[in-house]
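The values are calculated or read from the model by the stated rules, or taken from the named source; none is laboratory data. All values reported here derive from a predicted model rather than from experimental measurement. Positions of Cβ are backbone-derived with ideal geometry, glycine not excepted, and every protein chain shown enters the neighbour counts. To get the accessible areas, we keep the full protein, side chains included, count just its heavy atoms, and leave off ligands, DNA and RNA. Shrake-Rupley method; radii C 1.70, N 1.55, O 1.52, S 1.80 Å.
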Amino acid sequence: MVTDILAFCAAAEHELPRSALEVLACARQVADAWGEARVRAVLFGNNVASHAQTLIAHGADQVLTVNHPRLTSQAAEPMLGVLEQLARAERPAAVLLPNDLLGGEITPRLAWRLDSGAVTDCIGVEPGRSPDEVRWVRPTHGGKAVARMTIIGPIQIATVRSRAFEPRPADPARAGEVVASAIDVKALPNNVTVVDEVTHESEGIPLEQAQIIVSGGRGMGDAKEFVHLRKLADLLGGAVAGSRAAADAGWVSHDQLVGQTGKIVAPKVYLAVGISGAPQHMSGIISAKSIVAINTDEEAPIFKAAHLGVVGDWREVLPAFTAACEQLRGGG
Amino acid sequence: MHIVVCVKQIINPDTPAHLFQLDPQTKKQIRGSQPLVISIFDEIAVEVALQFRDKDKSATVSALSLGETEAGETLHHAQGMGAGPAFLLSDPAFADLDAFGRAHVLAAALRKIGETTPVDLVLCGQQAGDVELGVTGPYLAEALGWPMVALASNIVPASEGRIRFTRPREGGYAVLEAPLPCVATITNDQSNVPRYPSILGIRKAMKTQLPVWAAADLSLDRNLLAPEAARLNLTAIETARRESHCEFIPGQSAKEKGEHLAQRMRELKLI
Ligand SMILES: Cc1cc2nc3c(=O)[nH]c(=O)nc-3n(C[C@H](O)[C@H](O)[C@H](O)COP(=O)(O)OP(=O)(O)OC[C@H]3O[C@@H](n4cnc5c(N)ncnc54)[C@H](O)[C@@H]3O)c2cc1C
C-alpha cells in the first residue's frame, strides 16, 4: 500500500503563498525518507486549479483541488471538515500544514477528531523509515530549548514554521496528476462568518518581502524617534519594524511586530536598534542573512546572534551611520 | 454573558538564556530562583474579557487554572486585574498529563462550572509561554463541541446568542461572528495590553476561599489520566546553543562607529 502524506495549501485571495511550498518541501523530505510514499497537495481556494502545476513542479505527486468561494483565508472550519473526511476515507499517514492562522486552528482540531496528537511549529523533522519513527523538532521556551516529539496515534499531524524549510527548486519536468475533490463543501458546517474586513492604508514594503529591515525596540525611547528609522529605511529601500516592547507601546503597529508572535522575516539585513534580543524576538529573525545591532549594553543578548555590532547610543550612532550611507549611496 | 478565561502559570519566560536549565529526568525547565508568572497570552485573554465587561457590566469573568497549588497565585493575579470567580484544578494525577489530557480535565471543569452558571465563552491565550504548543483552545472547542475563533484580539457585542471578535490580519483586521457558546484563542495587539492587577484586588482575592477541584470532583473518564492516554511524547529536549561571532565595530566615538559601520556594511555588500 502506498503511504500518503497530505500537504495543506491554501491559496484563497492571493497567490500561492510561499508557506505552501515550504510545507511541500517538508512533506517531500518525509516521503523520500519513507520511500513508497506519495505527497498529495490539498489545494484549497476559489479557482485555484492554476496553481496545481506549480505544486507539482515543487514536489507534489498529486494535487487535489478543493474549490469553493467559501474557502477564504478566514475559513478554517470548512477546511477542517474537508480534511477530516479525507483522512477518514483515505487514511493518509500524515497531514502537514503551515504554522499560520489556518494551520494553527485546523491542526489540533483535526488531531482531536482523529484521536491523534498534534505537533505545532516544527523547524525540522527526523522522518525515520516509517510513520511510527518520525520525530518532530520544534523550539520551545521562546527558542531557548529545542524539543523532539513523537505523536502517539493513527496519523501524524504537524505544522511547520515559516522559513524553516526551503522550497524545492521548481522542476517543470516533474509529472503529477491533478484531481478535483468531490467533497461537498457547501454541506460542511461553517459557524464562523466574516462580517467585516477593514484594511488600513499600508505604508511601505511588507516586512516579509523587505530586503532590509530597520527595527526599533524599547531603547528608541519614544514613538517620535521612529522617524530616524523611517528615514534610514527609506534611504536603503527597506521597511521599518519593531519589537514587542515597541509594538505594545504603540510605536509601531501590530503588523510591524517581529518575533515569535509577530512576523517571521528573512531579510538580507536586519538592523536592530535598541532591541535587547529576547529569544522570542530572535526566533522571528533566525533566517535573516545578517543581523546588525546597535545597543548601549555590550552584554545585550542581541550581540550573541548579531553578525555586526555597535556598542553605543543610537542617538549618536544612527545619524552618523545614516549620513555615511547617504554619502556611500551618492558616491555610487 | 459568562466568560471563563483559562490561565496557565509558567516559570518566568524572560529567564535569561544563561540561567535557563532543563532537568534531564523530567525534561522540564528547572525553576531555580525564577518567579512563577501568568502566561503572557492568558493574561491578555483576561484583559480582553475585562474590556468586554467594562462595557457590559452584567458580564461575569471567571478564571480557571490547572496546575499545582502555587497556580492559585495566578488566579489571584487574574482576580487582581478584575476577574470574579476563580477555580483551581489540582491533583497529582494531573501533573504529567500532556496537552490532550489537560484539555479533557479543563473541559470537565468547564462543564462543572456551567452547571451553576452556564458558560457562554471560553478564552485561552494563543499559546502557552513555555511549551508554546497552542493547542489548548482548539482542543477545548473540540472537547466541548463548540465553534471557535482563532487569534482574536477583542470581543465585540453582537445580537442575542451571538458574539463578534476582531482578528488582526495583514494590513488591518477582520470582524468575525460566531454563535454562543464558543471558544476563542486570544492574540495581542495595541488595544489589549494587560492592565496591572491592583494590590488591593489581589489581597481581597487571597482572603476568599478558592475552590480546588481534584479528579474525583470532576466527571471525568479516569482512563484519560493514564499515561497510555497521552497523544504526545517528548522524546528529547535540549537547550539551544547560540554561538557568538559578532564582529564589533571599532571607533573612538559613537559617531565614528556609526561611520565605520556604514563602511563595513558596504564592504560586505550589505548596503
Ligand atoms: C510568549 C511570549 C511571546 C513573545 N513574543 C514576542 C515577539 O514576537 N516579538 C518580540 O519582540 N518580543 C516578544 N516577546 C517579548 C520579549 O520577551 C521581550 O520582552 C521583548 O522583545 C523586549 O523588547 P525590546 O528588546 O525592545 O526591549 P528591552 O528588552 O527592554 O530592550 C531594550 C534594549 O535597548 C537598549 N537601549 C536602551 N537605550 C538605548 C540607546 N539609547 N541606544 C541603544 N540601545 C539602547 C537596552 O540596552 C536594551 O538592550 C514575547 C514574550 C513572550 C513571553
With Cα atoms, 0 to 90° folded angle of helix A:18-34 axis to chain A main axis = 50 degrees
Using bins 10 angstrom wide from zero, how does P(r) for the range A:39-192 break down, in % of all Cα pairs?
-> 10, 37, 38, 14, 1
How far is helix A:226-236 tilted off the main Cα axis of chain A, in degrees rounded to 10, range 0 to 90?
-> 70 degrees
Honestly chain A on the Cα gyration tensor test (a ≥ b ≥ c root eigenvalues; a/c under 1.5 rounded, otherwise a/b vs b/c for prolate or oblate) is just prolate
Only Lys, Arg, Asp and Glu count, each charged at its Cβ (+1, +1, -1, -1), so figure out the dipole size of the range B:83-155 about its Cα centre, rounded to 20 debye.
-> 200 debye
Go through the range B:21-38 residue by residue and turn each phi into a ³J(HN,Hα) via Karplus (6.51, -1.76, 1.60, θ = phi - 60°); whole Hz please, and just put x for glycine and proline.
-> 9, 10, 8, x, 6, 7, 6, 10, 5, 7, 5, x, 9, 6, x, 8, 9, 6
Long-range Cα-Cα pairs in the protein assembly as shown (distance over 39 Å), rounded percent = 30 percent
Using only Cα atoms, tell me the angle between helix B:254-267 and the longest principal axis of chain B; keep it within 0 to 90° and round to the nearest 10.
-> 90 degrees
Each residue of the range A:162-167 in order: what ³J(HN,Hα) in whole Hz does its phi give by Karplus 6.51 cos²θ - 1.76 cosθ + 1.60, θ = phi - 60°, with x for Gly and Pro?
-> 4, 6, 6, 10, 7, x
If you take the Cα Rg of the range A:243-332 and divide it by 2.2 N^0.38 Å, with N the number of residues, what do you get?
-> 1.11
Among bridges DSSP assigns within the protein assembly as shown, what percent are antiparallel (round to 5)?
-> 35 percent
In the full protein assembly as shown, how much of A:Ser50 is accessible to a 1.4 Å probe, in Å² to the nearest 10?
-> 90 Å²
Where Rh is the Kirkwood radius over the Cα pairs of the range A:1-123, the temperature 20 °C and the viscosity 1.002 mPa s, what D in µm²/s does Stokes-Einstein return?
-> 151 µm²/s
Interchain or long-range residues, amide H under 5 Å from B:Gln126's placed H | B:Ile186
The set of residues whose placed amide H lies less than 5 Å from the amide H of A:Leu64, leaving out same-chain residues fewer than 5 positions away, is A:Ala41, A:Val42, A:Leu43, A:Val179
Heavy atoms only, probe 1.4 Å: what % of the accessible area of chain A goes to carbon and sulfur, would you let me know?
-> 50 percent
Ellipticity estimate at 222 nm from DSSP helix runs (n ≥ 4, -39,500 (n - 2.57)) divided over chain B, nearest 500 | -9000 deg cm²/dmol
Of the DSSP beta bridges with both residues in chain B, give the percent that are antiparallel, rounding to the nearest 5.
-> 40 percent
Rank these by accessible area, largest first, 1.4 Å probe: A:Tyr270, B:Tyr196.
-> B:Tyr196, A:Tyr270
Summed residue charge, Cβ within 9 Å of B:Ala254's Cβ, Lys/Arg positive, Asp/Glu negative = 0
Just how large is the dipole of the range A:121-241 about the Cα centre, in debye to the nearest 20, putting +1 at every Lys and Arg Cβ and -1 at every Asp and Glu Cβ?
-> 540 debye
Determine by what factor the alpha-carbon radius of gyration of the range A:208-281 differs from 2.2 N^0.38 Å, reporting the quotient.
-> 0.96
Sequence-separation-based contact order of the range A:160-262, relative, with Cα cut under 8 Å and 6+ spacing, percent = 20 percent
Return one whole number: the accessible area per residue of the range A:32-133 in Å², for a 1.4 Å probe.
-> 33 Å²
Considering only Cα-Cα distances, which of the following residue pairs are longer than 29 Å: B:Lys8/B:Lys55; A:Lys224/B:Lys57; A:Lys144/A:Lys231; A:Lys224/A:Lys268; A:Lys263/B:Lys112; A:Lys186/B:Lys55?
-> A:Lys224/B:Lys57; A:Lys144/A:Lys231; A:Lys263/B:Lys112; A:Lys186/B:Lys55
What does the charge dipole of chain B about its Cα centre add up to, to the nearest 20 debye, if the Cβ of each Lys and Arg holds +1 and the Cβ of each Asp and Glu holds -1?
-> 520 debye
Per residue solvent-accessible surface (Å²) - the range A:207-330, probe of 1.4 Å | 36 Å²
Report the one residue of A:Gln209, A:Ala305, A:Phe226 whose Cα lies farthest in the direction of the positive end of the charge dipole of the range A:207-330 (charges on C-beta: Lys and Arg +1, Asp and Glu -1; origin at the Cα centre).
-> A:Gln209
Evaluated at 4 °C and 1.567 mPa s, the Stokes-Einstein D of chain B based on the Kirkwood radius over Cα pairs, in µm²/s, stands at 63 µm²/s
HN-Hα J couplings of the range A:246-262 from phi, Karplus 6.51/-1.76/1.60, θ = phi - 60°, integer Hz, Gly and Pro as x?
-> 5, 5, 5, 6, x, 6, 10, 7, 4, 4, 9, 6, 10, x, 3, 9, x
